[in-house]
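Working notes for the structure below.
The values are calculated or read from the model by the stated rules, or taken from the named source; none is laboratory data. Since we're looking at a predicted model, the values are computed, not measured. Cβ placement follows ideal geometry from the backbone for every residue including glycine, while neighbour counts extend to all protein chains displayed.
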Amino acid sequence: MTSRQNATPRGAGWNARRIFALVLTASACARAGESSSIVRSKGTDESAPPLAREIAWLGDLHQPESVKYDTDQDVFFISNMVGFGSDHDNAGYIVEVSAGNLANGKVFAESGKAGVVLDAPKGMTIHGDTLWVCDIDQLRAFNRKTGLPIATIDLRPQGAVLLNDVTIGGDGFR
């Protein structure tokens with residue numbers, strides 16, 4: 001079992017899905033031993049109640065970049081770059097965390113395993129059973145239930161240099 005497979009949450013229960021991404025990013029980026037239990041707007045009074053509170057801490061994330069919630073499966077996908085965001089280093093991965101049980105986290109797709117190639121995964125979107133992921137200058141597609149790769153679309157010929165996010169158009173076109 002690799003250290004990335006130990007990306008399991010610890011902490012209190014679940015009660016605020018909509019702010020999870022904000023709190024998750026803040027807690028995942030905090031140094032070991034630091035508390036990120038209070039997130040405040042710049043310039044707010046220190047005696048004011050916190051705007052958000054930590055609901056979980058996910059260990060062993062390496063440069064988490066983006067979070068995508070899958071309503072059908074009630075899970076969060078978290079992309080992790082590991083190295084520099086522009087390096088084709090074949091070191092990226094995506095973690096899947098159960099929204100209903102934050103203690104249930106696992107590696108969803110890891111570069112170098114099961115045919116997965118991920119360099120620096122960033123923004124994600126879901127269309128049908130496909131999780132689309134921006135990866136520097138390519139768009140990668142994964143089965144959102146199995147994590148197996150489906151397709152790669154090379155966008156370098158269109159001038160892509162550093163893709164950051166992806167969305168589905170109103171007509172469903174990918």
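Before moving on, here are some points about what is shown:
- Residue check, residue 44 out of contact with any Cys (no Cβ under 9 Å at 6 or more places or on another chain), buried (at least 16 other Cβ atoms within 10 Å of the Cβ) and modelled with pLDDT under 95: no
- Unmet criterion (only one of (1) among the charged types (D, E, K, R); (2) buried (at least 17 other Cβ atoms within 10 Å of the Cβ); (3) within 28 Å of residue 55 (Cα to Cα)) for residue 135: (3)
- Within region 79-105, being in a strand (DSSP E or B) and either touching a helix residue (DSSP H, G or I) at 6+ places or on another chain (Cβ under 7 Å) or of a type in the set (S, T, N, Q) (or both) holds for 79, 80, 93, 98.
For (1) touching a Gly at 6+ places or on another chain (Cβ under 7 Å); (2) crowded, with 20+ Cβ neighbours inside 10 Å; (3) in contact (Cβ under 8 Å) with a residue 40 or more places away in the chain, each residue gets a yes or a no:
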residue	(1), (2), (3)
113	no, no, no
123	no, no, yes
143	no, no, no
165	yes, no, yes
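- Top-ranked residue of region 80-95 - restricted to ones that are within 13 Å of residue 68 (Cα to Cα) and in contact with a Gly (Cβ under 7 Å, 6 or more places away or on another chain), ranked as surrounded by the most Cβ atoms within 10 Å (Cβ to Cβ): 95
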